[in-house]
Amino acid sequence: MRILLGVTGGIAAYKAVLLLRLLREQGHAVRVIPTRAALEFVGVPTFEALSGEPVSTEVFDDVPGVQHVALGKGADLVIVAPATADFMARAVAGLADDLLTTTLLAARCPVVFAPAMHTEMWDHPATRANVTTLRERGVHVIEPASGRLTGVDTGPGRLPEPEDIAREALSLVQPSLVGRPLVEPVETPEPRDLAGRRVVISAGGTREPIDPVRFIGNRSSGRQGVALAQAAAARGADVTLVAANLAADVTDQVIAGPQPCSVVRVESTAELRDAVRAAGADADVIMMAAAVADFRPAATPDAKIKKVPGQGPAPIVLVENPDILAELAHERLRAGQVVVGFAAETGDESGSVLDHGRTKARRKGADLIAVNAVGAGRGFGTEGNEVTILDGTGDVVGQASGSKREVADALWDAVAKLLP
Ligand code: C5P
């Protein structure tokens, strides 16, 4: 069952913690909504840890989720314990100045108040009238227990024991609701703006063989490329991922990912070039997310290079690799094909990350270049990313930060605008 546990500001708020635990132990999903005053007595971490749900007091938290309405409408039962005299007065007046009162107005399920206050306050005509009104409106107001109150005084007004509150409250609703999640997830459909489009994405980092066992490589894990592939496939594209030496866990993501993609595995720049050109011949979009080695050893012996005692290492002569992205951008394998590249940059004395990105965008001739800062734990191998999207002239056309999937979707948004 989905239970909302309102907690208002009284000493007995500590018993709400026990009630919360009890309800959770019985298998119910519980979302705690304290008032500001309740947090003077028990802190947010306690409620969050024991409920496993976020805790907020304000309607202004999670505004896009319209949570004051979603929570109230999605609940099977609302329990407010302790309910102070002030809170009941506010409920009677229909005030909606915090998340709890607002949620109450939206709730259509059984509502239970467990009042707790000093006997004088409980007996006051204002409180008596409020309780009567609440009961007339269908709120189940539990009779407070009689006994020791906060100070030395005793009398009616004490919060009943958590077990008693739970039993009385749960008896009002059907047992068949046990086990339902607190808030039904709202499915936001992915845009299908790439339906019918063929896209080729290179991911990972190339390895240039020095000899049969050694290579020159780089730190690219392939995470961003895989996120691009998954995002494109989710938006309806037919995806070919040209995967260069992906990290093991990233390979698993492609294999086990929710979206099917064709995968072509490559190692070196030469293999990557052949694979991208073959798959890209009839593609609508080619996205070069792989970190491609700029240079490769001029010669690759068939045998392992030996260490000869007394002799220093032989120098490795490098030659330049073809710039696959620039080739594709200038040549266009197919009319109207959109070509996108990445520029992993570091700022230096000759210019900022963006300056270098702009220069690269103009030189490569791609339609879009996603520029990101790398180094010092940024970009390569990390979970998140931050990119500035430039067009071929170096103008900024977009910005994205967040998870690599969020960045991927921002890039596809920009690509979708360029597709005929
Ligand atoms: O020049 P730089 O390596 O920084 O450019 C990065 C972009 O160019 C990436 O999209 C990368 O995939 C691509 N690239 C390429 N061929 C190379 C080097 C880089 O396609 N030889």
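The values are calculated or read from the model by the stated rules, or taken from the named source; none is laboratory data. Every value quoted in this text rests on a predicted model; they were computed, and no experiment measured them. Every residue, glycine among them, receives a Cβ derived from its backbone with ideal geometry; neighbour counts consider all protein chains shown. Remember, those area values only see protein heavy atoms, side chains included, never the ligands or the DNA or RNA. Shrake-Rupley method; radii C 1.70, N 1.55, O 1.52, S 1.80 Å.
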Exercise. Which cross-chain or sequence-distant (5 or more) residues have an amide H under 5 Å from the amide H of Val266, H modelled 1.01 Å from N in plane?
Worked result: Ala243, Ala244, Asn245
Exercise. To the nearest Å, what is the center-to-center distance of the stretch 131-160 and the stretch 1-31, using C-alpha atoms only?
Worked result: 17 Å
Exercise. When the gyration tensor of the stretch 74-164 is built from Cα positions, what are the square roots of 5 times its three eigenvalues, in whole Å, from largest to smallest?
Worked result: 23, 14, 11
Seminar exercise, completed: Length gained, Thr150-Ala248, 0.36 nm per residue minus C-alpha separation, equals 29.3 nm
For this session: Taking only Cα atoms and a 10 Å spring cutoff, compute GNM fluctuations for the chain and point out the largest among Lys404, Lys307, Lys15.
Result: Lys307
Problem set entry | Where labels lie 7 Å past Cα in the beta-carbon direction, separation of Glu161 and Ala49 in nm | 2.5 nm
Problem set entry | Mean Cβ neighbour count within 10 Å, used as a protection proxy, ranking 276-282, 331-337, 127-133 highest first | 276-282, 127-133, 331-337
Seminar exercise, completed: With 0.36 nm assigned to each residue of separation and the Cα-Cα distance removed, Ala96 to Glu320 gains 73.8 nm
For this session: Using label points projected 7 Å from each Cα along Cα→Cβ, tell me how many nm separate Val213 and Glu271, to one decimal.
Result: 1.9 nm
For this session: Please give the FRET efficiency for Arg108 paired with Glu386, using the beta carbon to beta carbon distance and R0 = 45 Å, rounded to the nearest 0.05.
Result: 0.55
Seminar exercise, completed: Residue separation between Ala335 and Val69 times 0.36 nm, minus their alpha-carbon distance, gives in nm 90.7 nm
For this session: Send over a whole-number figure in Å² for the accessible area per residue of the chain, probe 1.4 Å.
Result: 48 Å²
Exercise. How large is the helix-only mean residue ellipticity at 222 nm for the chain, computed as the sum of -39500 (n - 2.57) over DSSP H runs with n ≥ 4, divided by its residue count, in deg cm²/dmol to the nearest 500?
Worked result: -10000 deg cm²/dmol
Exercise. How large is ³J(HN,Hα), in whole Hz, for each residue of the stretch 134-139 in order, when computed from phi with the Karplus curve 6.51 cos²θ - 1.76 cosθ + 1.60 and θ = phi - 60°, using x for Gly and Pro?
Worked result: 4, 5, 4, 7, x, 6
Exercise. Out of residues 5 or more away from Gly341 or on other chains, whose amide H comes under 5 Å of its own, with H placed 1.01 Å from N in the peptide plane?
Worked result: Met288, Leu368, Ile369, Ala370
Exercise. Hey, what do the phi angles of the stretch 22-29 turn into as Karplus ³J(HN,Hα) couplings, whole Hz, using 6.51/-1.76/1.60 and θ = phi - 60°, x for Gly and Pro?
Worked result: 4, 5, 5, 4, 8, x, 8, 7
For this session: Rounded to whole Å and ordered largest first, report the semi-axes of the equivalent ellipsoid of the chain derived from its Cα gyration tensor (root of 5λ).
Result: 63, 23, 19
Seminar exercise, completed: Computed curve, the stretch 2-177, Cα-only Debye sum without solvent term, log₁₀ I(q)/I(0) at 0.12, 0.18 Å⁻¹, is -0.49, -1.16
For this session: Specify which residue in the list Ala93, Val173, Pro34 is farthest towards the positive end of the charge dipole of the chain, using unit charges on the beta carbon of Lys, Arg (+1) and Asp, Glu (-1), about the Cα centre.
Result: Val173
Exercise. Percent relative contact order of the stretch 2-177, based on C-alpha pairs within less than 8 angstrom and at least six residues apart?
Worked result: 23 percent
For this session: Measure off 7 Å from each Cα along the Cα-to-Cβ vector at Ser350 and Asp294, then give the distance between these two points in nanometres to one decimal.
Result: 0.8 nm
Seminar exercise, completed: On the accessible surface of the stretch 2-177, probed at 1.4 Å with all protein chains in place, carbon and sulfur together account for a percent value of 57 percent
Problem set entry | Computed FRET value (nearest 0.05) for Glu143 with Glu190, which takes r as the C-beta separation and R₀ as 30 Å | 0.05
Exercise. If you place +1 on the Cβ of every Lys and Arg and -1 on the Cβ of every Asp and Glu, how big does the dipole about the Cα centre of the stretch 225-357 come out, in debye to the nearest 20?
Worked result: 460 debye
